[in-house]
Amino acid sequence: MLLLTPVLILLGAAALISLLGLFRPRFTSHWLIAITSALAAWVVVWLLVLKLPLEFGLLEDISYRLALPALSFRGDEITWPLALAVSTVLLSVLFTDAARAVEASWLIWAGDLGFAAIGITAVLARNPATMMLAWLLVDLIEMSILLRQLEEERIRRRAVVFFATNLLGIVAVFGAMIAAGGAGVGLNLDQIPQQSVIYLILAVGLRMGVFPLQVAFLRDVHHQRSQGTLLRLIPPAVSLSLLAHSATTPLADGWRQMFIFFAVLAAVYGAIAWARAKNELRGRLFWIFGLAGMSFAAAVQGQQGAVLAWGLAILYPGSLLFLASVRTRGMLPLGILSLFALSAVPFSPTYAGLRLYYPFDMLLLLLPLAHVLLLGGYVRFMLRQTEPLSGVEPWVRVSYAIGLGILPVTFIASSFLGPKVPAAGPIPIWPLLLSFVGIATGVVGYWRRWKIPSKIFEYLDKVFSLRWMLTGLRWLDEFMGRFAALVTRLLEGDGGVLWTLVILVIFASLLGQLVSAGG
Amino acid sequence: MSAPLIWIGLPAFIGGILFLTRGYRLTTGIFGGILSALLAVSAWLLPIDEVVPLGSRAFEIGDRFSILGRDFLLLNTDRAWLLLIYLFLTMWIIGSLFARPHSGFVSFGFVFTALLVAALAVEPFLYAALLIEIAVLLAVPFLLPPGSQPGRGIYRFLAFQTLGMPFILLAGWFLAGLEASPGDSALVLRAGGLIGFGLAFLLAVVPFHSWIPTLIEECEPYLVSFILFMLPAFVAVFGLGFLDRFVWLRESEGVYAGLRIVGMLMILVGGAWVAVERHLGRMLGYAAIIEIGAGLMAVGIGSSEGVLLFFWMLFVRIFSAMPWAASVSWLQEESGIGLELPNLVGFGHRYPIAAGILVSGGFSLAGLPLLAGFGAKFAFWQAISSDSPVLSLAALAGNTGLVIASLRALNTLFISFPVQQGDDQGVHNGAFYWLMVGLFGFLLFVIGLFPQVYITFIERLLFVFERLGA
């Protein structure tokens with residue numbers, strides 16, 4: 001039960017804030033309750049590291065002749081860093097909300113706490129049933145918040161399509177269960193059979209928007225800072241746990257090449273779009289794609305530690321930039337610290353991420369370029385200064401600085417103090433050298449004012465955003481609809497009974513062959 | 001007093017009385033619900049063929065009732081099934097207060113259920129086909145809206161169900177011959193084929209399914225959904241009786257392989273069609289086809305686990321299919337226009353609860369987490385995968401059609417805003433409405449979370465089959 005203490009703290013606080021908001025309209029200290037509970041949860045998650053591995057199950061001890069879904073959770077070297085990241089992002093959102101008090105309300109804070117609590121539950125899930133339950137809860141909360149906030153029909157539809165791809169991710173987990181059953185074992189996240197791993201990676205790819213690339217669906221959905229950051233970052237975080245678990249099982253070679261291709265595509269396209277985005281909030285989606293692509297590639301390469309390193313980079317440095325509504329010269333050290341964490345240089349948390357390049361694959365040569373572009377975009381947005389905080393009490397400034405500072409500090413500290421993930425193979429240095437070459441080229445290009453025609457980017461966007469795939473899907477839907485209508489007219493029309501008999505004869509002959517073949 | 005009189009005669013009589021009071025819809029519904037619940041409770045509490053002490057006196061409920069030379073037999077082991085059936089009837093009657101179908105629905109429900117229970121209890125079992133036929137014939141006047149002409153769906157429903165009857169009767173004749181010469185393999189094949197065809201007609205197995213979407217489009221969705229729930233459930237139990245009774249059927253691997261393939265085909269066809277369907281009522285019909293297919297696949301596992309899964313999926317289906325059907329009927333009644341999706345754009349803003357239940361019902365039938373169907377479908381996918389992973393993956397693809405259909409409904413009902421101004425104002429309803437909604441919603445969400453709580457009750461249903469359930 002100790003494992004779920006942070007979740008209970010956050011849910012309790014969310015319930016308390018909601019009750020106070022509903023029944024005590026004059027109560028004004030909702031933020032204080034929210035920040036206290038988030039801080040308590042964060043401290044408890046930190047303390048959990050002393051007791052790892054930790055497990056907790058509900059009804060799982062009931063053995064039965066059929067596989068019954070039971071709730072089961074585990075805190076270990078994979079799930080603990082993710083739980084810490086989610087609780088840190090929540091804490092950061094609440095601390096920085098002090099400077100955005102006008103935009104926030106008790107409803108938003110209660111929602112933030114509840115959403116983060118479910119997020120932590122999801123990353124701690126130990127079996128497929130718990131994972132799917134938590135995934136769907138996260139998806140439902142996300143979609144209901146989005147639908148409440150979005151008014152433009154075109155964008156509301158995108159939110160539903162995103163929800164649909166997440167549901168397909170859950171269906172893919174069912175597929176993994178079937179594949180495991182076919183191999184004569186139950187699906188267990190600790191030991192994933194090779195037959196299932198394709199479905200699980202597909203599930204994560206669908207949920208993270210990497211496979212297939214879902215830019216067309218997700219673009220422009222949400223541009224808010226505080227809750228928007230949580231809504232955007234927690235869903236990929238909850239999928240990372242499964243991605244890291246999947247990394248322990250090697251993929252068949254054909255699948256491996258295809259998944260690496262899509263991962264590199266997502267990383268490169270995401271990084272280019274991120275580097276060119278108008279601002280960090282418009283680029284947030286591409287930030288996620290870029291790093292999720294790298295994390296995805298690491299999973300395909302079978303490197304658990306690298307999956308976590310790049311996955312956590314989505315959350316920590318990303319949140320710092322997305323939550324920094326006020327950026328002054330004084331805050332630059334925080335940005336530089338975050339940049340270090342993202343740089344993959346030795347002693348940085350993403351250094352372990354370089355293992356994704358082991359074993360070598362030609363397609364991976366493009367990933368250092370993606371890394372450089374992600375860093376370039378980060379620097380670009382980090383250096384954009386805004387008006388300083390004015391007209392606020394001094395504690396708000398302190399709260400704001402703590403909120404931002406806690407992100408890189410926790411990222412770096414957890415990489416040293418947290419449990420070590422078992423690693424396979426050496427850390428290659430060539431990607432780092434390639435990145436330096438890329439950075440040097442970028443600096444020279446910037447100095448000599450090289451220009452890449454924007455038409456190239458427009459063309460790339462057309463091809464790689466896979467909007468043509470959406471058109472193809474619409475066409476397929478229409479075709480299927482027309483075909484179904486034709487068959488329906490045949491079967492339900494005047495000659496329907498005769499057609500039924502014809503189909504029966506065809507089925508009977510096929511069935512006879514299949515049954516004699518043993519089904 | 002005998003068990004058939006209590007659970008067949010009494011419901012039929014209650015149905016007759018409630019037909020006379022059908023004008024008082026709410027009173028009839030409430031009384032019907034209470035009486036049906038009492039029948040369920042009595043099935044739970046009263047043992048059959050055992051002496052029950054009651055203070056200084058004792059009584060015994062006999063297991064047999066004879067009429068016109070035929071016997072109706074309900075054993076003590078049938079009590080779990082009777083409890084389940086009358087629980088289902090109670091739920092459908094409660095749902096009818098929300099869905100407001102034909103005023104005679106409650107009385108029809110009682111008589112229809114009584115006839116189907118009689119079909120399972122009658123000895124010799126061949127007469128079951130006749131009783132099922134009578135139940136089908138009885139449904140026709142209720143399916144027809146007053147003053148309207150029967151459409152193609154009703155004719156075809158009647159035709160296919162009637163075609164099933166002679167196959168079952170002929171099968172009985174062959175089976176009698178088989179008892180005399182058990183080694184005759186030609187006779188075995190003929191009897192098996194006839195049973196298969198008979199059940200295929202009764203269960204609307206693909207390609208005999210075309211009456212389902214047509215019927216639900218022509219008639220009241222709630223009434224048709226009730227028939228689509230009850231009739232296949234009883235026919236499947238009737239079919240399981242064949243497997244239980246005849247060792248040559250029970251031990252034939254070909255029968256189970258056939259069931260798995262046919263089940264997969266039904267899920268695949270139902271799923272493909274429901275995914276592109278644009279009529280909410282017809283979606284219900286295709287969902288019923290998928291569920292019948294899932295039941296056949298479960299039985300096709302060929303062990304008591306498969307039969308247990310069949311009953312489990314049937315049990316949780318009530319918490320998904322009934323609320324879905326009720327909300328479709330509610331929407332039809334409130335909107336006053338057809339159930340074509342383009343007509344219902346933005347209706348979720350006006351009727352958020354009904355539309356929400358509609359979408360959740362579809363997701364639940366598909367077995368998505370958090371909802372009633374999750375536990376059973378979770379166990380289903382695991383259980384069938386070891387026998388035939390390829391068929392299971394095909395069935396999963398079909399089942400995904402149900403997810404797509406629900407997403408399509410969600411998209412239409414909630415994403416766009418109504419064209420006419422002011423239509424997005426929520427409709428306010430009374431306490432009764434909220435009580436019903438609360439009950440449906442609670443069950444829809446709670447049942448799927450902890451199957452450990454009720455699975456032992458479902459297991460008692462296996463006692464209905466002496467050999468198959470062992």
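Here A:Leu337, A:Leu363 are screened, and the one residue that is surrounded by fewer than 24 Cβ atoms within 10 Å (Cβ to Cβ) and closer than 22 Å to A:Ala85 by Cα is A:Leu337. Taken residue by residue, the range B:168-191 has no member that is within 17 Å of B:Tyr127 (Cβ to Cβ) and within 14 Å of chain A (Cβ to nearest Cβ). B:Glu60 meets each of the listed conditions (1) surrounded by fewer than 21 Cβ atoms within 10 Å (Cβ to Cβ); (2) of a type outside the set (Phe, Trp, Tyr); (3) closer than 29 Å to B:Ala431 by Cβ apart from (3).
Of the helices (runs of 4 or more DSSP H) contained entirely in the range A:189-302, those carrying at least 2 residues that are modelled with pLDDT of 90 or more fall at A:194-208, A:226-246, A:253-276, A:284-300.
Considering B:Ala405, B:Ala379, the condition of being buried (at least 24 other Cβ atoms within 10 Å of the Cβ) and more than 7 Å from every other protein chain (Cβ to nearest Cβ) is satisfied by B:Ala405 alone. Taking every residue in the range B:73-99 that is at negative phi and crowded, with 24+ Cβ neighbours inside 10 Å and pairing it with any residue that is charged (D, E, K, R) and assigned to a loop (DSSP other than H, G, I, E, B), at least 6 positions away or on another chain, the pairs with Cβ-Cβ distances below 8 Å are B:Leu74/B:Asp63.
Where helices (runs of 4 or more DSSP H) fall entirely within the range B:152-235, none has at least 3 residues that are in contact with an Asp or Glu (Cβ under 6 Å, 6 or more places away or on another chain).
Does at least one position in the range A:349-368 carry a residue that is more than 19 Å from A:Val264 (Cα to Cα) and either of a type in the set (Lys, Arg) or modelled with pLDDT under 90 (or both)? No, there is no match, as no residue in the range A:349-368 is more than 19 Å from A:Val264 (Cα to Cα) and either of a type in the set (Lys, Arg) or modelled with pLDDT under 90 (or both).
Within the range B:243-271, being at the interface with chain A (Cβ under 7 Å from one of its Cβ atoms) and among the small types (Gly, Ala, Ser) holds for B:Gly254, B:Ala257, B:Gly258. The set of residues from the range A:304-328 being of a type in the set (Val, Ile, Thr) and either in contact with a strand residue (DSSP E or B) (Cβ under 9 Å, 6 or more places away or on another chain) or assigned to a helix (DSSP H, G or I) (or both) comprises A:Val307, A:Ile314. Within the range B:276-326, the set of residues being crowded, with 24+ Cβ neighbours inside 10 Å and in a loop (DSSP other than H, G, I, E, B) comprises B:Glu277, B:Gly300. Looking only at the range A:460-518, residues that are among the acidic types (Asp, Glu), at pLDDT 75 or above and surrounded by 11 or more Cβ atoms within 10 Å (Cβ to Cβ) come to 3 in all. Taken as a whole, the condition of being more than 7 Å from every other protein chain (Cβ to nearest Cβ), at negative phi and part of a loop (DSSP other than H, G, I, E, B) applies to B:Ala372.
When the range B:327-353 is filtered for residues that are over 27 Å from B:Pro451 (Cβ atoms), more than 14 Å from every other protein chain (Cβ to nearest Cβ), touching a residue at least 40 places away in the same chain (Cβ under 8 Å) and part of a helix (DSSP H, G or I), the ones remaining, listed by number, are B:Ser329, B:Trp330, B:Leu331, B:Gln332, B:Glu333, B:Glu334, B:Leu344, B:Phe347, B:Arg350.
Determine whether B:Leu194 is over 21 Å from the mean Cα position of the chain (by Cα) and either closer than 25 Å to B:Val269 by Cα or facing another protein chain (nearest Cβ under 9 Å) (or both). Considered against the rule, which asks whether it is over 21 Å from the mean Cα position of the chain (by Cα) and either closer than 25 Å to B:Val269 by Cα or facing another protein chain (nearest Cβ under 9 Å) (or both), B:Leu194 comes out as yes. Among the residues of the range A:127-148, at least one is more than 10 Å from chain B (Cβ to nearest Cβ), touching a strand residue (DSSP E or B) at 6+ places or on another chain (Cβ under 7 Å) and touching a residue at least 24 places away in the same chain (Cβ under 8 Å). When the range B:273-296 is examined, which residues are found to be within 11 Å of another protein chain (Cβ to nearest Cβ) and farther than 15 Å from B:Ile212 by Cα? B:Ala275, B:Val276, B:Arg278 - these are the residues of the range B:273-296 that are within 11 Å of another protein chain (Cβ to nearest Cβ) and farther than 15 Å from B:Ile212 by Cα.
Within the range B:145-167, restricting attention to residues that are in contact with a Gly (Cβ under 9 Å, 6 or more places away or on another chain) and more than 14 Å from every other protein chain (Cβ to nearest Cβ), which residue is surrounded by the most Cβ atoms within 10 Å (Cβ to Cβ)? Please lay out each step first, then the result.
Let us first name the residues in the range B:145-167 that are in contact with a Gly (Cβ under 9 Å, 6 or more places away or on another chain), namely B:152, B:156, B:163-167.
Still in the running and more than 14 Å from every other protein chain (Cβ to nearest Cβ): B:165-166.
Details: B:Met165: 18, B:Pro166: 15.
If we take residues in the range B:145-167 being in contact with a Gly (Cβ under 9 Å, 6 or more places away or on another chain) and more than 14 Å from every other protein chain (Cβ to nearest Cβ), then B:Met165 is surrounded by the most Cβ atoms within 10 Å (Cβ to Cβ).
Considering the range B:408-434, the residues that are over 26 Å from the mean Cα position of the chain (by Cα) and at the interface with chain A (Cβ under 8 Å from one of its Cβ atoms) include one that is modelled with the lowest pLDDT, namely B:Phe417.
The values are calculated or read from the model by the stated rules, or taken from the named source; none is laboratory data. Predicted model only: the values in this text are computed from it and were never measured. We place every Cβ from the backbone using ideal geometry, glycine too, and count neighbours over all the protein chains shown.
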